[in-house]
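The values are calculated or read from the model by the stated rules, or taken from the named source; none is laboratory data. Because the structure is a prediction, the values reported are computed rather than measured. No Cβ is skipped: glycine too gets one built from the backbone with ideal geometry, and neighbour counts run over all protein chains shown.
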Protein chains: 2
Amino acid sequence: MGRPAEYTRNQIVKAAVSLFAEKGFERSSVRDIVTKARVNQAAINYHFKGKDGLYLEVLKLAFARLTEDAGVDADDLKSLSPEQALRHFVHHQLRPLLYQDELSRYIRMFAWESAHPSKVFRKFIATNSTSYLSAAVAVVRRFLPPQTADRAAMVAAICLMGQCSVFVRNRDLFGQDPFRLTIDEAFVDGLADLITRVAIGGLPHAGDAGLPAA
Amino acid sequence: MGRPAEYTRNQIVKAAVSLFAEKGFERSSVRDIVTKARVNQAAINYHFKGKDGLYLEVLKLAFARLTEDAGVDADDLKSLSPEQALRHFVHHQLRPLLYQDELSRYIRMFAWESAHPSKVFRKFIATNSTSYLSAAVAVVRRFLPPQTADRAAMVAAICLMGQCSVFVRNRDLFGQDPFRLTIDEAFVDGLADLITRVAIGGLPHAGDAGLPAA
DNA sequence: ATTGAGTTCAAACAATTGTTTGAATTAGGA
DNA sequence: TCCTAATTCAAACAATTGTTTGAACTCAAT
């Protein structure tokens, strides 16, 4: 046996998560990752069979962490009132605006994917039947008329997440010149309130929208 | 003089708009553009001083076309009721889902930029003081309490456009497997209704959200 | 016909990407 | 101790990117 292989793997995964969250998968180069991880160039291919393999591994980690987490766990959300669950979910999606921990990085990775899904990601959610959207669908559903079609609920969920992910992806940008938003706790609370209130006020009427039935 | 230089320029611009709309600026290679335009490799650098220069030219065209257009023209929208103006604006943003004409391509280009603004785009909107967001701000404002801060209105506008651009960018994707949405006129009408109704129902309460004052 | 500026062209350049190679290490089992 | 398999490493590879080069070509004006 050679040196601690697990150490190298962990270093790579940690660096990859950090970079994928910051710039997305496509814009993160293998060389950037190995430099940040302080490992050799060829390590990624040796341990993960390529950049795609590494991403798949990272996606599995992120998905596992996110589904077991309180923010999107179906059971936890069901125990709250619809309004509380929605508020909770939205705030969870906005978490990367405030904290830069591991969980936030995972959420941010998914925010990049929601902008333009990579091939790896599409293959990943194709196999994981319980998509990362299902939590959002469950949250949204409770505001919709009971007989609302699955497809309509999914569309509403996509809208909801779309509003959050714009801010998560472009956090740095919105702090700058044409916008000059100060992104602190007060701002995120306000933003979460805005999205939540708009959804609460509007979703009950969404059923009338006449989205095509399933 | 040599051959019709204007012809070459037009060919390049046309091909570039098509590709930028389809995949975004970064993912469109110079070689793809010149191949589609049926011109020589070096033509882009000769006529536009590089890929960035071409994009800047295209952005100017798109911006001019979009601001003179009924869908986002401030005066046209003011002549409608707030609800009508909102519905009109949202439907306009969703136009690339139905039609693939020039106007739709411009809208789609901006949808890519709203996901992850390129350097060229950021420099462009920095000089064009009337950002392409201002129309959305004006539309949204009429639903907000009169004393609402500019910043809060902008945030609401970003949310509104975020909901539209997700679908515009990933049109093809949503037609496929995990989603299987049939994107026809009925769907787009329904989607526009959904977004509109949610906004109408919720925006009036957005003022309570306590977004940081300007 | 000749000039000369404007334009096209095939080819190469320089930089970056993900991946592969094959030798050099490392550590555990015989 | 020697052997073997796992791991690391520097280097190169092949493909793609945007850009530059310098000669060839076109056409209006002289």
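Taking A:Arg105 as the residue in question, decide whether it is in a helix (DSSP H, G or I), over 21 Å from A:Val198 (Cα atoms) and either touching a Cys at 6+ places or on another chain (Cβ under 7 Å) or at pLDDT 95 or above (or both). It is true that A:Arg105 is in a helix (DSSP H, G or I), over 21 Å from A:Val198 (Cα atoms) and either touching a Cys at 6+ places or on another chain (Cβ under 7 Å) or at pLDDT 95 or above (or both).
Yes/no per residue for (1) of a type in the set (Ser, Thr, Tyr); (2) in contact with a helix residue (DSSP H, G or I) (Cβ under 8 Å, 6 or more places away or on another chain); (3) more than 8 Å from chain B (Cβ to nearest Cβ):
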| position | (1), (2), (3) |
| --- | --- |
| A:Tyr132 | yes, yes, yes |
| A:Val140 | no, yes, yes |
| A:Gln163 | no, yes, no |
| A:Val168 | no, yes, yes |
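Against the conditions (1) more than 30 Å from A:Ala199 (Cα to Cα); (2) modelled with pLDDT under 95, A:Val72 satisfies every one except (1).
Residues in segment B:21-34 that are within 13 Å of DNA strand C (Cβ to nearest atom) and touching a residue at least 12 places away in the same chain (Cβ under 8 Å): 3 in all.
Surrounded by fewer than 23 Cβ atoms within 10 Å (Cβ to Cβ) and facing chain B (nearest Cβ under 10 Å), is that true of A:Asp150?
Considered against the rule, which asks whether it is surrounded by fewer than 23 Cβ atoms within 10 Å (Cβ to Cβ) and facing chain B (nearest Cβ under 10 Å), A:Asp150 comes out as no.
Among the listed residues A:Ala126, A:Ala136, which satisfies the condition of being among the aliphatic types (A, V, I, L, M), within 23 Å of B:Gly162 (Cα to Cα) and assigned to a helix (DSSP H, G or I)? Step through it out loud before you land on a result.
On the way: A:Ala126 fails: within 23 Å of B:Gly162 (Cα to Cα).
None of the other options fit; the residue is A:Ala136.
Applying the set (1) within 16 Å of DNA strand C (Cβ to nearest atom); (2) β-branched (Val, Ile, Thr); (3) under 22 Å from B:Arg171 (Cα atoms) to B:Val13 leaves exactly one unmet item: (3).
For segment A:170-183, filtered to residues that are farther than 14 Å from B:Arg151 by Cα and at the interface with another protein chain (Cβ under 8 Å from one of its Cβ atoms), the residue that is modelled with the highest pLDDT is A:Asn170. Against the list (1) in contact (Cβ under 8 Å) with a residue 12 or more places away in the chain; (2) under 30 Å from B:Leu194 (Cα atoms); (3) not aliphatic (A, V, I, L, M), the condition B:Lys51 fails is (2).
Only residues that are closer than 20 Å to A:Phe121 by Cβ, near DNA strand C (Cβ under 10 Å from one of its atoms) and not charged (D, E, K, R) were counted across segment A:46-65, and they come to 5.
Evaluation of B:Met161 against the conditions (1) under 19 Å from A:Ala153 (Cα atoms); (2) in contact (Cβ under 8 Å) with a residue 40 or more places away in the chain; (3) crowded, with 24+ Cβ neighbours inside 10 Å shows that the sole unmet condition is (1). Taken as a whole, the structure leaves A:Phe187 outside the set of residues that are outside any loop (DSSP other than H, G, I, E, B), out of contact with any Cys (no Cβ under 9 Å at 6 or more places or on another chain) and more than 7 Å from every other protein chain (Cβ to nearest Cβ). State whether one or more residues within segment A:43-60 are under 15 Å from A:Tyr132 (Cα atoms), under 12 Å from the mean Cα position of the chain (by Cα) and modelled with pLDDT under 95. Scanning segment A:43-60 turns up no residue that is under 15 Å from A:Tyr132 (Cα atoms), under 12 Å from the mean Cα position of the chain (by Cα) and modelled with pLDDT under 95.
Take the residues of segment A:35-45 that are buried (at least 16 other Cβ atoms within 10 Å of the Cβ) and within 11 Å of DNA strand C (Cβ to nearest atom): which is farthest from A:Gln100 (Cα to Cα)? This residue is A:Ala43. For segment B:88-104, state whether one or more residues are touching a Pro at 6+ places or on another chain (Cβ under 9 Å) and touching a residue at least 60 places away in the same chain (Cβ under 8 Å). Yes, because at least one residue in segment B:88-104 is touching a Pro at 6+ places or on another chain (Cβ under 9 Å) and touching a residue at least 60 places away in the same chain (Cβ under 8 Å).
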